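Q: Got a structure for you, written out below as structure tokens; questions coming shortly.
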Amino acid sequence: MSVAVQKDEMKDKVLLGANVSVAKTGLLAAVEETIRYDANTYMIYTRSNRGGKARPIEQFNRDEALQMMKEAGIVDPVVHLSYLVNLASPKEGTWEYGVSVLTQEIERVHYLGFRYIVMHPGSHVGEGKDYAIRRIAEGLNSVLTGNEDLFLCLETMAGDGSKVGNSLEEIAEIISLVHHQDKLGVCIDTCHNYSFGYDVVNDFDGFLRTFDEVIGLQRLKVAHINDSKNPMGSCKDRHANIGEGSLGLEAIKRIVFHPSLRGIPQILETPGGKYRSEIDAILSRERGPEELYEA
């Protein structure tokens, strides 16, 4: 069973949603929350970031939820990997745990029929960027078989702490060391990119040109849409509500409606549970549930 939507069928649509909950009823909870936001895509975590045993994916009410998605016009949902996974770690136990969880998550996402997993590349915790890049690639090579029916999307980071994958060049270097590169995509994050030093506010076109030159736009599969509590180049990962940070509402609108992001799931990860009002502000018009953000 699959809810994958072919790219050419959705290329002219803006897909906008939020990070939603799977509490109690699993995928049903996520879909019901998405419908309340009048959104047409969403992101979930299938397991707690605080650790512990993951709930069996068979308890996520998949079939009923997928039917509800079809009726509501909700497409191409995204799964985010637990933050506890760190494939850059020099600690063998931590690295092996990350490999194990990622392997399990691919199986869980296959069961749901989704086609995107977003993951943070990792943190070198003192061993340096070059070590971390090799270590992440080693982890990905130990997990990916080439038979996956999904994309594992490396998320661009903000430059804080010992995280890697901050620059587009770092992401490209990780990809270059992976055997099954056709299974890899990229998730950009507007807060992270701006905080690291890419001027997505005044020159998003320039950012996309650089992305295309360094990585290739065909690998851009998911976008996280967040305002930032800090200025450009601050290297701080602090998400702000849309229109309340240093990016501003108008810049975020330009990004969301950019032709290169049509058909790509765009996900809000902003604080405070204001998703409905933020989605309304971005779209700037009243919509009925039958409208799929055609612009």
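Q: Using the 10 angstrom Cβ neighbour count as an exposure proxy, how do Val222, Val118 rank, fewest first?
A: Ranking Val222, Val118 by Cβ neighbours within 10 Å, fewest first, gives Val118, Val222.
Q: Using the crude model of +1 on Lys and Arg Cβ and -1 on Asp and Glu Cβ, and no other charge, please compute the dipole size for the stretch 132-173 relative to its Cα centre, in debye to 20. Each step should come with its number before you reach the end.
A: Numbers: 3 positive and 8 negative charges, 34 e Å.
In total the dipole reaches around 160 debye.
Q: Between Asp149 and Tyr111, what is the label-point separation in nm under the 7 Å Cα-to-beta-carbon projection?
A: Going from the Tyr111 label point to the Asp149 one covers 1.6 nm.
Q: Filter Lys70/Lys183; Lys91/Lys253; Lys24/Lys163; Lys129/Lys274 down to the pairs with a C-alpha to C-alpha distance above 31 Å, please.
A: Numbers: Lys70/Lys183 26 Å; Lys91/Lys253 42 Å; Lys24/Lys163 33 Å; Lys129/Lys274 36 Å.
Table pairs above 31 Å Cα-Cα are Lys91/Lys253; Lys24/Lys163; Lys129/Lys274.
Q: Rounded to the nearest 500 deg cm²/dmol, what is the calculated helix-only ellipticity per residue at 222 nm for the chain, with -39500 (n - 2.57) per DSSP H run of length n ≥ 4?
A: -10500 deg cm²/dmol
Q: Using only the Cα atoms of the stretch 150-277, construct the convex hull and provide its projected area averaged over every direction, in square nanometres to one decimal.
A: With every direction weighted equally, the projected area is 7.7 nm².
Q: Rule-of-thumb check for the chain: C-alpha Rg over 2.2 N^0.38 Å? Please list the in-between numbers first.
A: Details: Rg = 17.9 Å, N = 295, 2.2 N^0.38 = 19.1 Å.
The chain yields a ratio of 0.94.
Q: Could you list Phe204, Phe60 so that the one with the fewest beta carbons within 10 Å of its beta carbon is first and the one with the most is last?
A: Ordered by Cβ neighbours within 10 Å, fewest first: Phe204, Phe60.
Q: Neighbour counts of other C-beta atoms within 10 Å: give me Leu249, Leu152, Leu217, Leu27 arranged from fewest to most.
A: The most exposed by this proxy come first: Leu217, Leu249, Leu152, Leu27.
Q: For q = 0.16, 0.21, 0.28, 0.32 Å⁻¹, what log10 I(q)/I(0) does the stretch 37-84 give under the Debye formula with an equal point scatterer on each alpha carbon and no solvent?
A: -0.55, -0.84, -1.10, -1.20
We did not get these values from a lab; they are worked out from the coordinates using the rules stated. Note that the structure is predicted; figures quoted are calculated from it, not measured. Heads up, the Cβs are rebuilt from the backbone with ideal geometry, glycines too, and the neighbour counts pull from every protein chain shown.
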